[in-house]
Structures are given as structure tokens and as C-alpha cells.
Amino acid sequence: MKLVPWLVLAAACSVFAGACSSSDTLSPTGAVGGPVLGAADAHCRGSVVTVDPAYCHEDAPEEDGEGGASSAGDAPDGAGGSDCNQTHDAEYGDTLPNSEGDDDDCKYHVTWTSTPIRLNQNVTFTVTTQDLATAQPLESLAGEQKLPLTRVEVYQPCQPNRLGPTQNFNAEFKETAPGVFEGGPLRFDQPGRWVVRFHFYEECNDGEESPHGHVAFFVDVP
């Protein structure tokens with residue numbers, strides 16, 4: 001009598017326990033990156049800004065031309081001397097070390113975690129937010145359907161025009177608890193230093209008391 005091939009395989013699996021698996025894929029392996037360690041962020045100590053949603057669509061005040069935000073075409077500031085891995089985008093505040101800190105304008109406190117950060121592997125981020133003035137989690141503005149976390153931007157400080165794979169522009173986030181947002185997938189396709197910037201309430205003007213805000217962190221990818 002001839003045995004059907006799949007019956008032979010089934011018999012072999014029953015004899016040699018553990019020799020067959022229902023999964024034909026292996027979990028990712030390799031070195032894991034993460035936040036760049038450094039001194040705890042304290043740039044907002046004593047200078048918290050109270051956000052007023054009424055200013056969301058008001059005209060933002062004009063900068064005085066000195067010390068204000070630069071145009072998007074300006075090169076990053078050399079905050080770390082000649083080391084491009086320490087540079088900051090001149091349009092924003094300093095990029096922060098660690099995985100916790102306050103946004104550029106001292107409106108929000110942000111903490112982030114992620115799935116293991118490996119080269120050329122999808123990464124999911126979890127972002128926890130809090131209003132610095134009220135200690136309340138960020139929530140959608142009245143009458144708006146958008147999440148407070150509008151988008152996540154990633155780039156390499158030594159190659160600021162290189163933004164990684166196209167999928168990074170399409171990352172989607174959802175609220176999993178008050179003020180907690182989870183989403184992705186993001187992918188880091190080159191080893192080295194990256195910047196991850198979280199943007200909040202981008203539907204609002206970027207004024208002093210407007211809800212609009214952003215904060216960036218350095219991330220190393222092995």
C-alpha cells in the first residue's frame with residue numbers, strides 16, 4: 001500500500017516530538033539599538049507654558065528675526081561641535097537623549113518606548129504624553145477628530161535629507177489609553193545615529209500658547 005506524502009510527514013512529526021513546527025518564520029535576532037543615554041532633560045524647569053486651545057487657529061506671532069525659529073531650509077546647528085551625530089535641526093529645539101523629556105516649547109512631557117530597534121526591522125512606538133501645566137494626558141481638541149500625536153518624523157542627523165523608507169511617512173497611531181499612543185511601523189534602514197521627532201496638534205498654528213508642539217530624541221541603530 002502506498003502512503004500519501006502528507007501522511008508520512010504527519011507520522012514523522014508524531015514520532016519525533018518537536019521536529020515539526022506550525023511556524024515557518026524565525027523571530028528577528030541581532031543587536032538591538034535604542035535611545036542615546038545622557039543627562040536628564042531639565043530645559044523647562046521653571047518655564048512651563050500653559051496651552052490655550054483657543055489659540056489653535058489664531059495667527060502665530062511673528063519672530064523678531066533674532067533667536068527665533070529658522071526657515072526649514074537652514075542647516076542643523078552644530079550643538080556638538082564638529083560631530084554631526086550631535087547636531088540639532090535649527091527649526092526646532094534641541095534633540096534630547098534618553099526616552100523622556102519635555103517638548104521644545106515647554107508645553108508637554110513625553111515618554112516613549114518601542115519594540116526592539118534592529119536594522120531593517122519594523123518598529124512599533126508607544127508614546128505617553130502629559131500636559132506640563134495641568135499634568136493631564138493629552139486629548140483631542142474639542143470639535144477635532146485628530147489624535148494629539150499627529151505624526152512621527154525620522155531622519156539621520158548626519159544626512160538630514162535622508163528620511164528612511166517610504167513606509168515611515170505612512171505610520172499610523174492609535175490611542176490605547178488616555179494620552180498613550182501606539183503605532184508604526186517605522187523602519188531604520190541604515191546603522192548609526194537617527195532622530196525621532198514626535199509632532200503634536202499640527203492642525204494648529206505654531207504659536208506660543210497654541211497646542212502645536214514637537215519633541216525629538218536621538219536613537220542609535222546598530
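The numbers here are math on the coordinates, done by the rules we state, and not lab data. A quick note: this is a predicted structure, and the numbers were derived from the prediction, not measured. Cβ sites come from the backbone with ideal geometry, for glycine too, and all protein chains shown count toward neighbours.
Observations on the structure shown:
- Taking the stretch 168-194 as the range and being outside any loop (DSSP other than H, G, I, E, B), closer than 28 Å to Thr87 by Cα and in contact (Cβ under 8 Å) with a residue 24 or more places away in the chain as the test, the residues that pass are Phe173, Phe181, Glu182, Gly183, Gly184, Pro185, Leu186, Arg187, Gly192, Arg193, Trp194.
- Pairing residues of the stretch 128-149 that are farther than 19 Å from Cys106 by Cα with residues that are acidic (Asp, Glu), at Cβ distances under 7 Å and at least 6 apart in sequence or on separate chains, gives Glu144/Glu203; Lys146/Glu203; Leu147/Glu175.
- The stretch 101-115: number of residues that are assigned to a strand (DSSP E or B), under 14 Å from Ala42 (Cβ atoms) and in contact (Cβ under 8 Å) with a residue 60 or more places away in the chain: 2
- Selection from the stretch 172-184 of residues that are out of contact with any Phe, Trp or Tyr (no Cβ under 9 Å at 6 or more places or on another chain) and either surrounded by 14 or more Cβ atoms within 10 Å (Cβ to Cβ) or of a type in the set (Asp, Glu) (or both): Glu172, Gly179, Val180
- Subset tally (residues that are buried (at least 16 other Cβ atoms within 10 Å of the Cβ) and at negative phi) for the stretch 162-171: 2
- When every residue of the stretch 169-178 is checked against the conditions, none turns out to be in contact with a His (Cβ under 7 Å, 6 or more places away or on another chain) and within 20 Å of Thr113 (Cα to Cα).
- Search result, residues across the stretch 131-161 that are exposed (fewer than 13 other Cβ atoms within 10 Å of the Cβ) and basic (Lys, Arg): Lys146
- From Arg151, Arg197, Arg187, residue being more than 28 Å from His43 (Cα to Cα) and touching a strand residue (DSSP E or B) at 6+ places or on another chain (Cβ under 9 Å): Arg187
- Any chance Glu208 is among the charged types (D, E, K, R), touching a residue at least 60 places away in the same chain (Cβ under 8 Å) and in a loop (DSSP other than H, G, I, E, B): yes
- When the residues of the stretch 143-158 are filtered to those that are in a strand (DSSP E or B) and among the charged types (D, E, K, R), the one that is nearest to His199 (Cα to Cα) is Arg151.
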